[in-house]
Every structure is written in C-alpha cells, then in structure tokens.
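What follows is a short report on a single structure.
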Amino acid sequence: MEELNTEQKEDSSTQKHLVLGGRNFILVGTAHVSAQSVKEVEDAIRKENPETVAIELDDKRLKSLEDPDSWRKMDIINVLKKKQGFLMLANLVLSSYQKRIGQSSDVPPGSEMIAAIKVAKELNIPQVMVDRPVAVTLRRAWAKNSFWGKCKLLSALIASAFSKEEVNPEEIENLKKKSEMDSMMAELSEFLPTVKEVLIDERDRYLASHIWQCEGNSVLAVLGAGHLPGVQSHLEKIVSGQENVDCSDIDFVPPKTLAAKIAGWIIPVLIVALIAVGFVFGGRAKGWDMISSWVLWNGLLAGIGALIAGGHPLTIIISIIGAPFTSLCPFVGVGMVAGIVQAILCKPKIEDMENIQQDSNSIKGFYKNRILRTLLVFILSSLGSSIGTFVAGASFVVAITTFFDKIASAIKSLFM
C-alpha cells in the first residue's frame with residue numbers, strides 16, 4: 001500500500017493541492033462559462049508549470065470546441081437509423097443551455113478548457129483528455145433509468161431547452177462555491193438519483209482514474225467545480241489501495257440482459273395473446289373489435305404526436321399506419337420510421353445545420369429548423385405510440401376480465 005499524504009498548500013475554494021504517493025496533483029475547479037475561470041486556469045498553469053495538464057473533456061467534445069461548424073457534417077437520417085435520436089437531442093439541449101448561460105458573461109462554454117490547452121501548448125506541456133465520452137455517459141444515464149425516470153429526464157431536458165432563465169455573472173461565479181454546488185447536487189440527487197449517479201458520481205471516479213494515469217510527478221487537472229470533492233476522494237482511495245485504478249466497468253453502455261430482451265417481447269406477445277383470447281372466447285366480433293381498438297389507439301396517438309411536432313402530412317399518415325405494427329416489434333420504433341420519412345420529405349438545408357444550436361433555444365426555433373423538427377417527430381410520435389400501447393392494452397385487460405366475469409356469473413347462476 002502506497003503512502004497517503006494529503007498535504008495541501010495554497011488551497012482555495014477552486015484549487016486543491018494534493019501530494020499523493022509522492023506525486024503532486026493540482027485540481028482547478030471552474031464554471032464552464034466564467035471569464036474568471038479562464039484567467040484562473042491560465043494563471044494556475046503558468047504558476048505551477050506541471051508536467052501534464054489533464055482536462056475534463058473527451059476527444060469528441062474537444063473536436064466540437066475546436067470545430068464549431070462540425071454540425072454541418074451531420075446526417076440526421078443516419079442518426080435515426082443508429083437509434084441515436086435521443087442522444088442527439090440531449091446533446092443539443094445541454095450545449096444550447098450552456099451557450100445561453102454563457103451569453104450573459106460573453107464567455108462561450110468550454111472557454112477555460114480551450115485556454116488550458118492553449119497555455120499548455122505554449123509551454124510545451126502535454127495535454128490529456130480525461131473525461132468519459134459524452135455518448136457513453138448519456139446512454140448509461142438513459143439505460144439505467146426506469147420508465148418513470150426516463151419521463152422525468154425528458155421533461156427536465158425539454159424544460160431546460162425552452163427555459164428563458166437568465167443567469168448573471170455573479171451567479172455563475174457562485175456555482176464554484178461549495179455551498180452552492182452542494183445544494184445543486186442534493187437537488188439533482190433527489191429529483192433524478194440515477195442521473196446524478198451517472199453524470200456526477202461515476203464521472204468523478206472516471207476522472208480520478210485517468211488523472212492518476214497521467215504521466216509525470218506533477219499533474220494539473222482542469223475540472224468543473226462540482227467534481228473537485230469527488231475526484232479528490234477517489235484519488236485518495238486509489239493511492240491508499242481502497243479503490244482500483246481500473247474503471248472499465250463504467251466505460252461502456254451495459255448490453256441488454258436476457259431478461260431485458262425477453263421483457264421487450266412481453267408486451268407484444270401479451271397483446272397478441274389477449275386478442276387471440278378475444279377471438280376464441282368472445283367470437284369474431286369481439287376479436288375484430290379489439291384489433292380495431294389497438295389500431296385506433298396506437299395509430300391515432302402516434303399521428304397526433306407527429307402532428308404536434310409539425311410533421312409533413314405524409315409523415316403523419318405513415319405514423320398512423322405504422323404505429324400499430326412497430327409497437328409489436330422491439331427492433332423498429334415508429335419514431336425512427338416517422339423521423340426518416342420526415343427527413344426525406346423535408347430535407348434539411350445548410351442553414352438548418354448552421355443555426356441548429358441557436359434554434360434549439362426556443363419553441364419557434366424547433367419548428368423552424370428542419371433537423372430539430374425531425375427530432376420532434378421522432379420523440380412525439382414515439383411517445384404517442386407508447387401511450388397508445390398502454391391505453392389499448394389496459395382496455396384489453398378490462399374487456400377480457402369483464403367477459404370472464406360474465407361467464408363466471410352465468411355458471412354460478414346455473415347452480416343457484
């Protein structure tokens with residue numbers, strides 16, 4: 001077991017100096033849209049002159065910061081085919097929310113990270129991106145949530161997308177204070193505990209692991225202020241032997257278990273079985289009545305979803321026709337089909353790609369931008385079909401229960 005030495009010097013609310021296992025670690029906490037954070041990061045790197053600068057980014061987010069026009073290369077149809085519609089929507093909403101907050105301080109999101117890279121290059125200091133890929137983080141957050149948790153997550157994303165809340169520079173700086181951060185973390189943990197676990201707790205561990213693996217005896221890490229306590233704790237556990245530096249168990253999206261795969265077929269099989277029971281015990285009329293109910297609820301609500309999303313008339317028709325069938329197949333959702341049809345009929349233009357982040361700040365922008373409207377079609381038609389599945393399924397259970405109650409009453413009356 002290595003020696004644990006937590007000697008600290010010149011600490012502040014945004015900087016932690018740690019000596020662990022004979023190595024120096026300087027953790028610099030930032031607010032991602034703070035002019036003061038940019039200066040603090042630049043000053044810290046110049047003053048400490050570390051052997052390595054670790055940065056809370058992954059390679060893909062680094063490329064996005066270095067190439068703001070990367071959205072132009074996106075193929076929305078390919079995104080939907082790969083079942084990444086929700087991932088793209090979440091990315092857009094989160095980035096546009098940060099950008100909107102940054103407008104009040106005239107500091108683009110991630111400016112302190114870019115500043116850290118610039119100063120490190122100027123001083124010939126190697127830079128290492130130590131954060132988990134954002135796609136893995138968001139997919140884990142989605143996969144680990146319950147159905148109710150997914151609904152709350154979607155509602156939170158939509159609320160932040162259309163929020164008109166303005167944050168002044170003083171409030172941004174307060175985000176770096178422990179009391180403010182503790183309050184925010186407690187609120188997130190209470191509202192969405194699984195999301196907090198994936199977005200904060202897991203990433204604290206991931207960041208600490210990759211900071212520890214950086215080369216050199218002096219490592220300066222630029223992190224969001226909310227990660228400072230957790231990263232420090234995990235670094236101390238690593239050096240004391242309480243925690244393994246390997247974090248491969250949180251570096252991937254968990255594959256569906258056999259139980260989950262079977263569960264994906266339970267509702268379709270149950271629906272078909274209930275309709276079959278209707279035909280066998282209720283006669284042809286009852287069976288066709290149940291099929292009609294299934295088609296009506298699924299198709300109608302999926303079509304309403306596409307209509308609310310501003311879908312093309314043919315997209316709405318496809319949603320109505322396709323939903324009753326796709327709801328019985330776990331491999332293809334009506335949202336993907338409707339979204340692809342919408343993208344083909346209303347092909348995105350260059351200006352849609354150029355303005356996508358700006359347009360994602362408002363309801364009007366979502367309907368004006370063809371890419372965002374396609375995502376709305378994908379989300380709302382899927383939501384409508386899901387609601388239709390539960391409504392129709394519930395009506396089947398009620399109908400079958402009522403039917404058997406009548407049979408039981410008739411049999412009982414024969415013996416009275």
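The values are calculated or read from the model by the stated rules, or taken from the named source; none is laboratory data. Quick caveat: nothing in here was measured; it's all calculated off a predicted structure. With ideal geometry, Cβ positions are generated from the backbone for all residues, glycine too; neighbour counts draw on all protein chains shown. Surface accessibility is based on the protein's heavy atoms, side chains included, excluding ligands, DNA and RNA. Shrake-Rupley method; radii C 1.70, N 1.55, O 1.52, S 1.80 Å.
Could you say which residue among Leu94, Leu62 is at pLDDT 70 or above and either within 15 Å of Ala135 (Cβ to Cβ) or open to solvent by 50 Å² or more (accessible area, probe 1.4 Å) (or both)?
Exactly one of Leu94, Leu62 is at pLDDT 70 or above and either within 15 Å of Ala135 (Cβ to Cβ) or open to solvent by 50 Å² or more (accessible area, probe 1.4 Å) (or both), namely Leu62.
When both residues are 6+ apart or on different chains and their Cβ atoms are under 7 Å apart, which pairs have a first residue that lies in the stretch 362-373 and is among the β-branched types (Val, Ile, Thr), and a second that is part of a helix (DSSP H, G or I)?
Matching pairs, first to second residue: Ile363/Phe162; Ile371/Ile76; Ile371/Asp352; Ile371/Met353; Ile371/Ile356.
Return the residue satisfying two criteria in turn: it lies in the stretch 292-339 and is among the polar types (S, T, N, Q) and in a helix (DSSP H, G or I), and of such residues it is farthest from the chain's Cα centre (by Cα).
Only one residue tops the list, namely Ser292.
What's the number of the condition Pro348 fails, among (1) surrounded by 14 or more Cβ atoms within 10 Å (Cβ to Cβ); (2) not in a loop (DSSP other than H, G, I, E, B)?
Tallying (1) surrounded by 14 or more Cβ atoms within 10 Å (Cβ to Cβ); (2) not in a loop (DSSP other than H, G, I, E, B), Pro348 fails exactly one: (2).
Criterion first (assigned to a helix (DSSP H, G or I), at pLDDT 75 or above, more than 21 Å from Leu228 (Cβ to Cβ) and open to solvent by less than 60 Å² (accessible area, probe 1.4 Å)) does Val79 satisfy it?
yes
Give the residue, chosen from Glu170, Glu165, that is modelled with pLDDT under 70 and in a helix (DSSP H, G or I).
Going through Glu170, Glu165 in turn, just one is modelled with pLDDT under 70 and in a helix (DSSP H, G or I): Glu170.
Which one is surrounded by the most Cβ atoms within 10 Å (Cβ to Cβ) among residues in the stretch 311-334 that are at pLDDT 90 or above and small (Gly, Ala, Ser)?
Applying the filter and picking the extreme gives Ser319.
Among the residues that make up the stretch 270-286, is at least one of them β-branched (Val, Ile, Thr) and surrounded by fewer than 17 Cβ atoms within 10 Å (Cβ to Cβ)?
yes
Yes or no, residue by residue, for (1) at pLDDT 85 or above; (2) surrounded by fewer than 19 Cβ atoms within 10 Å (Cβ to Cβ); (3) not polar (S, T, N, Q):
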site	(1), (2), (3)
Ile55	yes, no, yes
Lys99	no, yes, yes
Ser104	no, yes, no
Pro108	no, yes, yes
Lys118	yes, yes, yes
Ala141	no, no, yes
Trp148	no, yes, yes
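For a quick check of your reading of the model, give me the residue pairs whose first member lies in the stretch 25-52 and is touching a residue at least 12 places away in the same chain (Cβ under 8 Å), whose second is assigned to a strand (DSSP E or B) and open to solvent by 60 Å² or more (accessible area, probe 1.4 Å), with beta-carbon atoms closer than 6 Å and at least 6 apart or on different chains.
Sorted first by the residue in the stretch 25-52, then by its partner, the list stays empty.
Does Ile291 qualify as being of a type in the set (A, V, I, L, M), at pLDDT 90 or above and surrounded by fewer than 23 Cβ atoms within 10 Å (Cβ to Cβ)?
no
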